[in-house]
Ligand SMILES: C[S@@+](CC[C@H](N)C(=O)[O-])C[C@H]1O[C@@H](n2cnc3c(N)ncnc32)[C@H](O)[C@@H]1O
């Protein structure tokens, strides 16, 4: 090998070590360096700005971070860009990755990888048994609506108090699965394109099976203590979600004790001073019709 080639190789190797050090404080530049899917060109996901806002305050804590979806699809040696990015951005944290394809080849110090499907409850529970409770969970896996919902139901309880749960690419809520002869060849040869035909979203904005509608329903739970609904039984999500942030294609959910209380309502009935002010003894006297609460209470 010529001296010039050797020097070029050394410089390239060293720059791969130096650039992350220089970019360490800038998630957007780090994302571009590691070539994660959130680039800069038009149409790319602009997640870095949101992540920076939510992650900067906890960056130097020793956290446990789990990401579903390692990248590289069916090539076991490809992907891992976002895991490396998180490892660099969170210098004291342990990073865990899950993928349906065996990506163990991408393991390194502070990056541990599990193989399994995000809709496999047993597998997810096994992962949690090994990792313990988590500080951050990012779902960037199949983006199948049903999977995003099922994974959330299984994994959100495994978040620590003050933990953050993130679902990327919620645009699949609006894309129905493409089934039938006409689509049978769509995406053939590309696992990525083929996966887009199976996401199970809907053209109907009110379709209750989409991930966006699932998460939208949880927003009401933030205010469950204000529901005028005698006998209402709060769900786990009502009691443990303290804030939800919706961005373009991205949902960020914070865990905590949602029990601030209400100045007007207690145990989902009006406080006695309110009843007195209204000149009634109980809510029944108001002849209100209480609808079924099964949807907001659905776990
Ligand atoms: C969008 S890529 C992840 C990209 C990566 N997070 C990044 O930003 O660099 C999605 C990954 O999810 C994986 N995947 C697809 N279906 C899955 C499932 N059911 N469970 C777990 N992983 C899955 C795919 O193999 C693929 O590697």
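Each reported figure results from applying straightforward, stated rules to the coordinates on display, with no laboratory input. On a predicted model such as this, the values are computed, not experimentally measured, just so you know. Neighbour counts are summed over all protein chains in view; Cβ atoms, including those assigned to glycine, are modelled from backbone coordinates with ideal geometry.
Tabulated values for the structure
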| read-out | value |
| --- | --- |
| The chain: antiparallel DSSP beta bridges as a percent of all, rounded to 5 | 40 percent |
| Mean separation of Cα contacts under 8 Å, 6 or more apart, over the residue count of the stretch 127-189: relative contact order % | 40 percent |
| 0 to 90° range, to nearest 10: angle between helix 211-221 axis and the chain longest Cα axis | 40 degrees |
| Rounded, prolate or oblate (a/c below 1.5 giving rounded, otherwise prolate when a/b exceeds b/c) for the stretch 9-105 by Cα gyration tensor | rounded |
| Residue with peak Gaussian network fluctuation, the chain [Cα springs, cutoff 10 Å], from 216, 146, 61 | 61 |
| Length-normalised contact order of the stretch 67-174 in % [C-alpha pairs under 8 Å, at least 6 apart] | 24 percent |
| Among 150, 289, 109: highest mean-square fluctuation, GNM of the chain, C-alpha pairs under 10 Å | 289 |
| Förster radius 25 Å - calculated FRET efficiency between residue 121 and residue 160, Cβ distance, rounded to 0.05 | 0.80 |
| Calculated FRET value between residue 109 and residue 7, using beta carbons and R₀ = 35 Å, to 0.05 | 0.80 |
| Modelled label reach - residue 177, point 7 Å along Cα→Cβ, the stretch 195-225 residues with backbone N closer than 18 Å | 195-204, 207-214 |
| Over the chain, relative contact order from alpha-carbon pairs under 8 Å, at least 6 apart, % | 12 percent |
| Using alpha-carbon coordinates, inclination of helix 145-155 to the longest axis of the chain, degrees | 80 degrees |
| Theoretical ellipticity at 222 nm over the chain - DSSP helices of four or more residues, -39500 (n - 2.57) apiece, nearest 500 | -9500 deg cm²/dmol |
| Peptides ranked, highest mean first, by Cβ atoms within 10 Å: ranges 87-96, 219-228 | 87-96, 219-228 |
| Residue-span extension gain [residue 188 to residue 129] - 0.36 nm each, minus C-alpha spacing | 17.5 nm |
| Nearest-ten-degree value, helix 121-131 long axis tilted from longest Cα axis of the chain | 70 degrees |
| Cα pair count fraction exceeding 38 Å, expressed as % - the chain | 25 percent |
